[in-house]
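Here's the structure we're looking at; comments come further down.
Just so you know, all these numbers are worked out from the coordinates, no wet-lab data involved. Keep in mind that what you see is a predicted model, and the values were worked out from it rather than measured. So basically every Cβ, Gly included, is an ideal-geometry build from the backbone, and we count neighbours across all protein chains shown.
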Amino acid sequence: MTSVIARTTTSVLHHHIKHCWSATRIGVSKQFANIRQTALPLPSKSIRVSTCPFGTKYSVMGKPKVVFVLGPPGSGKGTQCEKIVKEFGYTHLSAGDLLREERNREGSEFGALIEDNIKNGRIVPVEITCALLENAMNKTIQATGNDRFLIDGFPRNEDNLQGWTSKMADKVEQQFVLFFECSEQQCTERCLKRGESSGRSDDNAESLKKRFNTYINDTVAIIKHYEELQLVKKIDASASPDAVFEHVKTIFGEQK
């Protein structure tokens, strides 16, 4: 799987996350308003660039194309993203993987906060997640030129949605939302089996219950929001991975 993970998250990224966290969570809104955007070297092939939050930049020659991939834990999002990458050439960005990488990165000032949220089935503050996603997209575009992304496991609640809309919506082309629907029982069985070898701290019965509660209470409303915008492509994820992917291929085959 060609996942892109921000293993070498820059000091610029953390500087801006720190300011955003301080401004939005401590209430110092004035501090956020005064953040100065950091100049980065211009990509060699770009004529003009527009500055994004957290100091990253995108070429105005075209917006990155984004597909959100949503569904309950264990619905097969990662497996299907891997297949989509191979078949259609998208870059897979897992919000969860990015957060786990940042949690494990030596010297991360957000590692303990991320771990506490993940372990207790809570959603990590949007400022951190958006910054990691944006950094990963920017690095991929500069390194490979690929501007098509699957964003897996985001947005997961209203705060995520508002944060993304505020910081990123006008900088990307939202293609659609791929929603994998699967029962809690089947998803739980898949996650517990995965937990036998994954080493993930949230693949256990206690964490899974909290994660499902979060999904039902928060993420379902986000899916309904995108349904109202006629952007949701729903797929029954209870079948085998190969059978599910046959439906996925039909959806992506219809894209330009």
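In terms of its alpha-carbon gyration tensor, the range 75-254 comes out rounded; the largest-to-smallest axis ratio a/c stays below the 1.5 threshold.
Take each peptide in 236-242, 149-155, 89-95, count the other Cβ atoms within 10 Å of every residue, and average; sorted highest first, the result is 149-155, 89-95, 236-242. For the range 66-151, what class follows from the C-alpha gyration tensor (a ≥ b ≥ c being the square roots of its eigenvalues): rounded when a/c is under 1.5, otherwise prolate if a/b is larger than b/c, else oblate? Since a/c reaches 1.5 but b/c is at least a/b, the shape of the range 66-151 is classed as oblate. When peptides 215-222, 74-81 are sorted by average Cβ neighbour count within 10 Å, with the highest value leading, the order is 74-81, 215-222.
For a straight C-alpha distance cut-off of 14 angstrom, the aspartates and glutamates reachable from K171 (same-chain residues fewer than eight places away being disregarded) are E134, D147.
Roughly how far apart, in whole Å, are the Cα centres of the range 122-167 and the range 227-245? Their Cα centres are 21 Å away from one another.
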